[in-house]
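Here's the structure, in structure tokens; my notes come after.
The values are calculated or read from the model by the stated rules, or taken from the named source; none is laboratory data. Because the structure is predicted, anything quoted here is derived from the model rather than measured. Cβ coordinates were reconstructed from backbone atoms using ideal geometry, including for glycine residues, and neighbour counts include every protein chain displayed.
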């Protein structure tokens, strides 16, 4: 059966559905689903958590800092936690040992991580208590 104007009604329905979908894409009242999570845990040579150390999430150029955090009392942190995570792409995670801490001998810094939508990417660091000053001070 060929009803006059049916194709026009169909076009209006399609345009309305597309407009509703686009309007839904601009609602930022909830966290976008296109984020992943990067968590950090820092422990010492006795596996005790190390709080208050700076950890940076760098772009792959290794100079541009995307996010920074200080480890909490339990030696952990999550980049962009208040925003629901970080954008899915490649990053470098860098620990800045300070005070009495230094990276453990078998530890590496500048750890690459590729964030995938909806996944948690844990990064761990091991530090040791180092000398605070020259011997004999």
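Kindly evaluate residue 52 against the criterion of being modelled with pLDDT of 90 or more, surrounded by 12 or more Cβ atoms within 10 Å (Cβ to Cβ) and at positive phi.
yes
Here are some residues: 74, 83, 61. Which one is closer than 16 Å to residue 127 by Cβ and surrounded by fewer than 18 Cβ atoms within 10 Å (Cβ to Cβ)?
74
Pick out the one residue from 118, 99 that is in contact (Cβ under 8 Å) with a residue 60 or more places away in the chain and part of a loop (DSSP other than H, G, I, E, B).
Result: 118 is the single residue among 118, 99 that is in contact (Cβ under 8 Å) with a residue 60 or more places away in the chain and part of a loop (DSSP other than H, G, I, E, B).
When the stretch 68-85 is examined, which residues are found to be modelled with pLDDT of 95 or more and within 20 Å of residue 114 (Cβ to Cβ)? Lay out the reasoning, then the answer.
Filtering the stretch 68-85 down to residues modelled with pLDDT of 95 or more leaves 68-79.
Of everything in the stretch 68-85, those that are modelled with pLDDT of 95 or more and within 20 Å of residue 114 (Cβ to Cβ) turn out to be 68, 69, 77, 78, 79.
If you take the residues in the stretch 121-137 that are more than 20 Å from the chain's Cα centre (by Cα) and assigned to a strand (DSSP E or B), which one is modelled with the lowest pLDDT?
Taking the stretch 121-137 first, the residues more than 20 Å from the chain's Cα centre (by Cα) are 127-137.
Next, from what is left, pick out any that are assigned to a strand (DSSP E or B): 127-129.
Numbers: 127: 97, 128: 96, 129: 88.
Per the stated criteria, the residue is 129.
Check whether at least one residue in the stretch 55-70 is under 20 Å from residue 104 (Cα atoms) and in a loop (DSSP other than H, G, I, E, B), and report yes or no.
No, the stretch 55-70 contains no residue that is under 20 Å from residue 104 (Cα atoms) and in a loop (DSSP other than H, G, I, E, B).
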